[in-house]
Each structure stands twice: as structure tokens, then as C-alpha cells.
Amino acid sequence: MPHEAISVFDMFKIGVGPSSSHTLGPWRAAMAAIQTIRSKANINEVKNIEVLLYGSLAKTGKGHGTDVAVLLGLCNEDPVTIDVNSIDEKIKYIQTNHQLHLANECYLSFNPNQNIQFLSNETLPYHPNGMSFLIELNNGNSFSETYYSVGGGFVVKEGEDSLTHTQVELPFPINTSKDLVHWCMKTGMTINEVVFENESAWRTEKETVDGVLNIWKTMQECIYRGCHSKGILPGGLNVKRRAAELNKKLLNGKTYNNFEEWLACIKSGGHQFNYILDWVSCFALAVNEENANFGRVVTAPTNGAAGVIPAVLMYYKLFCDVVDEMMMIKFLLVASEVGSIFKKGATISAAMGGCQAEIGVSSAMAAAALTECLGGTQKQALMAAEIAMEHHLGLTCDPIAGLVQIPCIERNTMGAIKAITASQLALQGTPDFAKVSLDKVIETMWQTALDMNTKYKETADGGLALSVNLSEC
């Protein structure tokens, strides 16, 4: 049976907030459009570019910064390396001067208010997150490119099979959790060991280790920034950042000068249930406040759910007394595999499946990873993932004003806590007696996604997005 080869670095991508599907995906699509232009003409031969945003991208694109992402992508800025503090200045220049530094090579007349169209009443058939680039050349020729941002920063070009760029032969091909259990039982390896072997199809062991450690480093930096940044989040809702105040309150006057000293201060506070609970929430809040502020985050598996896995990882590191960094690698390898199984069997796009596809999937990923790292069996790890998703089924995506602030930021705290609870239940449980398998819950999640009303799929057309009067914010 054909399998889609998805790497840990596909599931965990370093980028810029606030949304993997509405920011990172369109950003990558715009960069891909630049490459297509280069294959057909010189960059300086471009006379005009129009960008058409459809469906969910149009409905909530302003709140998610889709237009900002497209502009930066057309300038060929890299979301992994761009100085996030420079974004406002770059966008202001384009808006003021009506000039785009196309591909970072030449200037093109471009008025964002005219050249980017939000077609909120039109949706392309393949996916709600569709976008087209209409390119006109000086010689009179023109062509168009259409892309779909399918969740988690993954982008599919119209007319291309989504597997086109993933034709790698893995030693242990996996489409379902049943496949994963099969390979674990046949080889006697843990989940993270199976994943590690598969990663060797792409790169050396050292490259994988270094890359995953960089993912973890980026997550920690994001948490630390978020726990020390105050102010009001952009977008007009006047949402106040809370992580910094909570961090200060929990530390109760303790002083520190750097990240490591900060961690020591947190650990010195003890292991009381409420104390741990508050810190897990603080970590998740910190990440998603950074995400909402166009900060650097890691898709896990999406930007909107970026706080769950870092929060659970920090819980594991600090309150389970873990000092071996290799355990962080094992955690992220397990999490990535569970996330990829959800992507193959259902979706990780809120525009397709509601928030169950983002917070639900991230919670399941974290639950499985935490369980294996705490000594659970392969089946207990997958049981934890099933429990976590089972109790996110039907969760809608109804962002107020199309922003990733309400209810998204708090939902990350809930997803993290549910992951820890699911892990504990699985560690004390017997998978052979479980009534629901992970594959069945993924199948159910997908059916729920198909049945879910479109207004609850990241359109800001229903739920809290309509019930809450913006004047009250």
C-alpha cells in the first residue's frame, strides 16, 4: 500500500505566527510562486501580480495576517530566519510606497489594497484554504499558479499529487497506528526508535539529532520570551498578555539572570498540584501569546496549537526531573509520528476539521510522547493519544474577529492539561481492554469533520465569533 513519508521536520516547522495554515502556508506558497516565475522568466520581467484569497483564507485572513505573509513571501523573506522585529517596518514600506521588493531582487508596483483580493464568498473545490497568483509579464504573456494551504504549513500546488515531494522509501512505512504497532512488535523497538530509523531515509543520525534539538531550543526560547513580554496583542480585541504576570506571581520574588537560572527558580517551587498546573498553563499561554504577536514559534502540528507540546515538554523536563536532552528528542519523535498519522487519516487543518484538528491533534501527540517517555509501552502511548483526541472530538474553530486570541490561546492550556491527564490514564490502564483504538478515533474525527457545519471551521461565521459583541472587547 502506498504511504506518505512525513518527517519530524514536516510536523515541526520553525516559522512566524499567528497561523500555520493562514500565515506560514501562504508565505510558503508565495515563495513557491517566486520559484515558478524564475522558471518561466526573469524576475525583472514581471509587470504585475495579483493575489486572490479564497474561502477561509479570505474570511479570517486579515486576522491571521495572510496578506502580510503573502507580501513577505513574494519578497522571498524566509519565515525561519527573518528578524520578526523587522516585519512591521517591511510591511509599512510596502503599504506606504506601493512597492514590493519582488524576490528581493527588483521593485514592483504593488498596492496591497488592490493587488490582494479577499474573496470571502468564493471557495475552491480542493480545500477551503485556496489562493491564486496571477502573474503578468512585460511581454504581454501571463500565467497563474494556485496553491492550497492544507494545515500545519503544508502546501499543495494545484494539479500536483500531495505525495509528489515525499517519495522517500522508509524502512518502516506507516499510515495508521496499526502499522506502527506492527513494526514495534516485529522489531521490538519503541516508537521513537522506529521513527529514528525512518528519519535515516532523509539524513544522518547527527543531522536528525541536531535538527530536533534546534526545534526544542526554539520552543524554549519562545516560552521564555512569552513569559517575559507584556502588553496588548495586535488585532483590535485589546487582549492583554497574561503569561508574564503569571510568571512573576508564581516566582514570588525569586531573581534570575538567564534561562537556566529561571528554570532552577521554577523547580525550587516544589511539586504541589496547583503549582504545576499553573506553570503548564503559563508555558502554553506564553507560546500562543508569542504566536498571536507574530513571534517565532514551531508548528506543533500547527501554529494555533503551538503551545500544547512545548508546555507538556516543559512539564516533563521540570517536574519529572529529566536532565537527558535525548529524552526531549525521543518525545518529539513520538509526537511527530502520531501527528503524521492524524494528518494521513484525517486532517490537521481547522479549516477542514475545526479545532479538534489542531488542539485535539496536538494534545494527542503530546499525550503519546509523554507516555512513552515516562516508561509506558507502545500500546499505552497510542492509548494515551486516543484518550486525548476522544475528549476533543467535535471541538469547533470559532475565532473572534478571525484572530488567534479568543478562544485559541486558552485552548492550548486545556489541550496541555488534557494530554497530561490522558497520559496518566494510559499509564495506569491496560490497552488490550480498551474499547476504542487510535485508528477508530481518527476515523471518527474525520467523519465529525465532514459533518461539521462550515461556520465552525475557521471562518469566524459562527460560535463565539458571532455570540461575542466586539464592542464588549
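Looking at the square roots a ≥ b ≥ c of the eigenvalues of the Cα gyration tensor of segment 19-163, which shape do they give, rounded for a/c under 1.5, prolate if a/b is larger than b/c, or oblate?
Cα axes put segment 19-163 in the rounded bin.
Report the local net charge at A460: Lys and Arg +1, Asp and Glu -1, summed over other residues whose C-beta lies under 9 Å from its C-beta.
-1
Loop-only check: which GluC sites (Glu not before Pro) in segment 148-213 are DSSP coil with at most 12 other Cβ within 10 angstrom?
E160, E169
Give me the net charge of A368's neighbourhood, meaning all other residues with Cβ under 10 Å from the Cβ of A368; Lys, Arg count +1, Asp, Glu -1.
Taking every other residue near A368 into account, the sum is -3.
Given an 8 Å cut-off on Cα distances and at least 6 residues of separation, report the relative contact order of segment 1-101 as a percent.
Computed value for segment 1-101: 38 percent relative contact order.
I'd like the FRET efficiency for V80 and H271, computed as 1/(1 + (r/R0)^6) with the beta carbon distance as r and R0 of 56 Å, rounded to 0.05.
0.95
Across 20 Å bins from 0, what is the distribution of all Cα-Cα pair distances for the chain, in whole percents?
Taking all Cα pairs of the chain, the binned fractions are 26, 57, 17, 0 percent.
I'd like to know how segment 286-366 sits against the 2.2 N^0.38 Å rule of thumb: what's its Cα Rg over that expected value?
So the Cα radius of gyration is 1.11 times the expected 2.2 N^0.38 Å.
Do the alpha carbons of any pairs in K186/K206; K230/K455; K217/K457; K40/K157; K217/K418 sit beyond 22 Å of each other, and which pairs?
K186/K206; K230/K455; K217/K457; K217/K418
Using a Förster distance of 41 Å, how high is the FRET efficiency between Q95 and D210, based on the Cβ-Cβ distance and rounded to 0.05?
0.60
Quick check on my link table: of K13/K62; K178/K344; K248/K317, which ones sit more than 18 Å apart, alpha carbon to alpha carbon?
Those over the limit are K13/K62; K248/K317.
If you filter segment 238-300 for chymotrypsin sites (Phe, Trp or Tyr not before Pro), then keep DSSP loop positions with at most 16 other Cβ within 10 Å, what is left?
Loop-located and lightly packed - Y256.
Given 0.36 nm per residue, what is the gain on full extension from N138 to M185 after removing their alpha carbon distance, in nm?
The N138-M185 span can extend by a further 10.8 nm.
Given Cα pairs under 8 Å that are at least 6 residues apart, what percent is the relative contact order of the chain?
RCO, the chain: 18 percent.
Within segment 17-116, which chymotrypsin sites (Phe, Trp or Tyr not before Pro) sit in a loop by DSSP and count at most 12 neighbouring Cβ atoms inside 10 Å?
Qualifying residues, ordered by number: none.
FYI, it's all coordinate maths here, none of it is from the lab. Every value quoted in this text rests on a predicted model; they were computed, and no experiment measured them. When we count neighbours, we look across all protein chains shown, and the Cβ atoms used for this are built from the backbone with ideal geometry, even at glycine.
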